[in-house]
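Have a look at the structure below, then the notes.
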Amino acid sequence: MGELFRRLRYLLQRRRLDRELENEMEFHREMAAREGRRNFGNTLRLREQSREAWGWTWIDRLLQDLRYAARMLWRSPGFAITAMVVLALGIGVSVTAFSLLNMLALKLLPVRDPASIVRLQRRSPENITSETPYTSFLFYRDHVKTLSAMFATLGAPAMEMDDDLKPVSINYVTANYFSELGGEAVTGRLFNVTQDASANAPPAVVLGYDLWQQRFDGDPHIVGKVIRLNKKPVTVVGVTDKNFVSVGGQYSDVWLPLIQQPYFVQGSTALNDAAGGAGVRMWGRLAPGVTAKMAEQELLTLTNELRKQSPKLVWDKEYIRSDPGGHLQVMQPEMYRAFAMIAALVLLIFIVACTNLGGLMMARGVTREHEIGIRLAIGASRKRIFRQLFTESVLLALLGSFAGLALSYTGLRIMCAVFPTPAWMSFAPDWRVMLFTVGMAFLAAVFFGLAPSLQIARQRQRKTMARQVLVAVQIAASCILLIISGLLVHAVHHMLYSEPGFGYEQVIGISPGLDSHGYKPEAATAYIQTLKARLLGTPGVASVALSKISLLGNGFSAYMTVDMNGRAVNVYPNWIDPEFFKTMEIPLLRGRNLFPGETHAVVVSESLARRQWPGQEALGKKFGDVKDLVVGVAGDARIKSLNDGDATEVYWATQATDMPSMTLLVKTAGAPDGLVPQAKSIVESLDPKLFPYIWLLKSGFRDYTKILENTALGASVLGLLAVLMAAVGIIGLVAYAVSQRTKEIAIRIALGAKPLHVLSVVLRQFLVPVLCGALAGAAVTAAVSQFLRKILYGISNLDPIGYAGGIGVLIAIATVAALLPARRALHVDPVRALHEE
Amino acid sequence: MPISIMPKTDMPPGALTLLILRVLHSGSLHGYAIAQRIHVLSSEVLAVEEGSLYPSLQKMLLKGWVTADWGISETNRKVRFYRLTPAGRKQLQAEISSYDRVTEAIQTILRTA
């Protein structure tokens, strides 16, 4: 302890103590000289040896190395700037990805005590859902001890406010929602347990800040005003603060008390019909000193108790999983796969940047041969030179890293300005991002600086082997990125310019939402029949069909995974009426259509027939667990999974029990856009309490392709960034190879070598690494393509065009990058070049 | 021919520390005087060089065995005088006894082997 203290005190008084030592040793020599003894030796070196006892000399050396490194970089600004740009790009991409991850999953939300909030989810070995029946929620809430509070939200379709054209997004929340999150009202009050926990309380609404500003111009007297939501009058009780943050990324224009949901959706049984009704999202707050595991334990006991009371509500082996809920995105184990994928992609960019810079460092090592030779000659150790060179790399990496951080921050700020982001969301780098940036800088320094520094310190920089490996790695990494973007671009192209197998341009979808208003099958059948007749009587309507699954609009997508001849195949089911195939322009290839209400009969898609009964006639076969007879084979129409080339479909005839959740598809003779308001008024005129959801299938299709297009665009930008960096690297290395071999080239030209031969001399050494890199990249992509398909939907397994496109772009750019500087070799003037030596 | 105590000689390691501790036992001295005293007391057999004396002294300062105070030399110059601390005294005792044990052991081998 005392030793450490003395060591630190020495560090603080280092300059004075060093001066004293110098004095002392000078005195020693004087005295020795006086007595006729001579003392030889380097006084500076002796003093340094004495100082070493304190263990601080590394600081001096580090500062010395840093000063020297800064001077070296300052003296070669071209190199320093190139290196910093390359690093800023390479590291900036990673920092951006990390900042987003940080924002989504690592930072705690600015709500009250975010660390103790947990999101609760029902799981069993077979099922996962975020939605819990409201009655189950009440049971947990009333019995749980390990959670100090539980709250819930219920999402619902957007509502019509007064007579506005634009619907408002809504969320039902429990009365304790705002107090648990620590939300404040900017005017009026938010919900509270005393006033809003009863179904009989007067209907109340809390407005979101943005809606209050935009729709009501921030009216200070808004509290007490009555507005109409889906034509139901409701009193505004308050407005949330500008900085109010909700959990689970749920933003909504207005908030309604969960208990009053039946008032807004007339006839709804969501809150009391436990088995069939909608579910709420459950959240909890861990009691002090309770861990998530303890809470899960208690909830499991409660789940088992609940099973005894109402067996219908609980699955086999059901348990409640808790996840930290105080983050913007509650991370699920399933999501980490996507993050791993993104991490892998940005790391590829990072690798390209580092190997690229490694090549530059090596080439630079040759120009510094002279300097390093002199330093070795006057007694510097190789270790010391290596340390100095590596310090230079670290300094460069840190500069590049922070340039990358600045770049990333700017990019994220622009993103925030372009896309609507809540006011509290800030991408200003916090300690995690800083730590990540510094960490990446050191990683980069090791990647690009370690090997070249060793090579240079050992004076082996002229070896071509290391350089070839670097080129190969760069090419391989860019190749992977380019092939992935090639696959995505091709998938988008395929989707946009090939026949999807169904018609969507002239179709609108109508979801009357009968089930949410408590319609029973008989009433629903009658309603649907009337609606169908009214729609068919509307001018411009060509046909009307029924489909239980909502197509190209909101609504869930269900599929089953069936084992067919040893392969897992996704089967998308639908329940339809006979008009469906005609309306959606899906060809019926063989057999016949389904009859209305027919049971034990099924129409399968051609792809399913091929998979299930390869080489056989599917008609007359039995399909599924209940052995339905295959009566027809329809063309492939992957409406529910547009870019999954392996998807198959199966159709059953609708039954009366399907009617409450039925959607209608209306095909028009001309453009369908004008029909939307007309259809809305027809639906509402038949039953004024309904609020139908009506959509154009073509906009659903466009939204879908947009997502894929954006993914493809992102991957292409990354791929091009990688290949451009690789190109810059190749240009530098070829130029260096030319200058290194000027003499040899001059001799060859003097002896009459042909231009092609001269070029091959320079370029031969790059041919093998480029080809190896491209092959390795293609091999790696092919190896992981199964995995890629799971995350980047839409790319097909071994798409030759995607691969050829990616590799083609790569080879073309590499060739241009190599030929540009190589041309200089042809212009070497043998006479002058040989004279110079 | 004096044997010089340089960093790399056949002197047993730690011997210089022991000698410095011993000469400081009788009173505080400055660096040069320490070297002189060792030289004289060893009948001019041992010569302590700067290159080993000052690193040793720095290490002893770090260990807390000696402290340095300002004083005036015989030539009327301001120099640092080294003085043994209680920790240094203890260290001296420990080193002497371990030195005795080692030399005794060596002597035994020389006599009997």
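Would you check if A:LYS698 is among the basic types (Lys, Arg), outside any strand (DSSP E or B) and at pLDDT 85 or above?
yes
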Can you tell me which residues in the range A:213-228 are surrounded by 14 or more Cβ atoms within 10 Å (Cβ to Cβ), of a type outside the set (Lys, Arg) and either under 30 Å from A:LEU109 (Cα atoms) or modelled with pLDDT under 90 (or both)?
A:GLN213, A:PHE216, A:ASP219, A:ILE222, A:VAL223
Of everything in the range B:65-85 that's of a type outside the set (D, E, K, R) and closer than 19 Å to B:LEU19 by Cβ, which residue is farthest from the other protein chains (Cβ to nearest Cβ)?
B:LEU84
Determine whether the range A:451-469 contains at least one residue that is out of contact with any helix residue (DSSP H, G or I) (no Cβ under 9 Å at 6 or more places or on another chain) and either modelled with pLDDT under 85 or not assigned by TED's automatic domain parsing to the domain that holds A:ALA804 (or both).
yes
The range B:43-62 residues that are more than 8 Å from chain A (Cβ to nearest Cβ) and of a type in the set (S, T, N, Q), paired with ones that are surrounded by 22 or more Cβ atoms within 10 Å (Cβ to Cβ) and outside any helix (DSSP H, G or I) (beta carbon under 7 Å, 6 or more apart):
B:SER52/B:ILE5
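Filter the range A:619-649 for residues that are under 29 Å from the mean Cα position of the chain (by Cα) and β-branched (Val, Ile, Thr) and give the result.
The initial filter retains those residues of the range A:619-649 that are under 29 Å from the mean Cα position of the chain (by Cα), namely A:637-648.
Result: A:ILE639, A:THR648.
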Screening B:GLN93, B:GLN107 for residues that are more than 14 Å from chain A (Cβ to nearest Cβ), over 15 Å from the mean Cα position of the chain (by Cα) and of a type outside the set (Asp, Glu) leaves only B:GLN107
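Give the residue, chosen from A:MET25, A:MET84, that is part of a helix (DSSP H, G or I) and either modelled with pLDDT under 80 or within 14 Å of chain B (Cβ to nearest Cβ) (or both). First the steps, then the outcome.
On the way: A:MET84 fails: either modelled with pLDDT under 80 or within 14 Å of chain B (Cβ to nearest Cβ) (or both).
Step by step, each of A:MET25, A:MET84 is checked, and only A:MET25 is part of a helix (DSSP H, G or I) and either modelled with pLDDT under 80 or within 14 Å of chain B (Cβ to nearest Cβ) (or both).
Looking only at the range A:658-679, filter to residues that are over 20 Å from A:PHE701 (Cα atoms) and among the hydrophobic types (A, V, I, L, M, F, W, C); which one of those is surrounded by the most Cβ atoms within 10 Å (Cβ to Cβ)?
Among those residues, the one meeting the criterion is A:MET662.
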Residue list for the range A:583-592, filter: surrounded by fewer than 20 Cβ atoms within 10 Å (Cβ to Cβ) and either touching a Phe, Trp or Tyr at 6+ places or on another chain (Cβ under 7 Å) or at pLDDT below 90 (or both):
A:GLU585, A:LEU588
Exactly one of B:THR67, B:THR103 is free of Cβ contacts under 8 Å to residues at least 60 places away in the same chain, among the β-branched types (Val, Ile, Thr) and assigned to a strand (DSSP E or B), and that one is B:THR67
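Find the helices (runs of 4 or more DSSP H) located wholly in the range A:435-552 whose residues include 2 or more that are among the aliphatic types (A, V, I, L, M), out of contact with any His (no Cβ under 9 Å at 6 or more places or on another chain) and closer than 27 Å to A:ALA783 by Cβ, and list them. Can you show your working first?
Values: elements: A:451-457, A:464-497, A:521-536.
Where helices (runs of 4 or more DSSP H) fall fully within the range A:435-552 and carry at least 2 residues being among the aliphatic types (A, V, I, L, M), out of contact with any His (no Cβ under 9 Å at 6 or more places or on another chain) and closer than 27 Å to A:ALA783 by Cβ, they are A:464-497.
Matching residues to (1) among the aliphatic types (A, V, I, L, M); (2) within 13 Å of chain B (Cβ to nearest Cβ); (3) in a helix (DSSP H, G or I):
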| position | (1), (2), (3) |
| --- | --- |
| A:LEU17 | yes, yes, yes |
| A:LEU21 | yes, yes, yes |
| A:ALA32 | yes, yes, yes |
| A:LEU62 | yes, no, yes |
| A:ARG67 | no, no, yes |
| A:MET72 | yes, no, yes |
A:ALA417: of a type outside the set (Val, Ile, Thr), more than 21 Å from A:PHE350 (Cα to Cα) and at pLDDT below 90, yes or no?
yes
Among the residues of the range A:408-434, how many are in a helix (DSSP H, G or I) and buried (at least 19 other Cβ atoms within 10 Å of the Cβ)?
3
The one condition A:ALA715 fails out of (1) in the same structural domain as A:ALA476 (by TED's automatic domain parsing); (2) out of contact with any Ser or Thr (no Cβ under 6 Å at 6 or more places or on another chain) is (2)
Out of all the residues in the range A:351-364, is one or more surrounded by fewer than 14 Cβ atoms within 10 Å (Cβ to Cβ) and modelled with pLDDT of 85 or more?
no
Say we look at the range A:273-295 and pick out the residues that are crowded, with 19+ Cβ neighbours inside 10 Å and basic (Lys, Arg); which of these is modelled with the highest pLDDT?
A:ARG285
Residues in the range A:637-657 that are modelled with pLDDT of 80 or more and surrounded by fewer than 20 Cβ atoms within 10 Å (Cβ to Cβ) total 3
Just for the range B:9-56: of the residues that are in contact with a strand residue (DSSP E or B) (Cβ under 6 Å, 6 or more places away or on another chain) and hydroxyl-bearing (Ser, Thr, Tyr), which one is modelled with the lowest pLDDT?
B:SER52
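Hey, among A:LEU763, A:LEU788, which residue is aliphatic (A, V, I, L, M), more than 30 Å from A:ILE342 (Cβ to Cβ) and crowded, with 18+ Cβ neighbours inside 10 Å? Walk me through it before giving the result.
Values: A:LEU788 fails: more than 30 Å from A:ILE342 (Cβ to Cβ).
Exactly one residue qualifies, and that residue is A:LEU763.
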Within the range A:316-362, track down each residue that is among the polar types (S, T, N, Q) and part of a helix (DSSP H, G or I).
A:THR355, A:ASN356
Which of the residues that make up the range A:516-527 are of a type outside the set (Gly, Ala, Ser) and either crowded, with 22+ Cβ neighbours inside 10 Å or touching a Gly at 6+ places or on another chain (Cβ under 6 Å) (or both)?
A:HIS517, A:TYR519
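The values are calculated or read from the model by the stated rules, or taken from the named source; none is laboratory data. From a predicted model like this one, the values you see are computed outputs, not experimental measurements. Note that each Cβ is placed from the backbone with ideal geometry, even for glycine, and that neighbours are counted across all protein chains shown.
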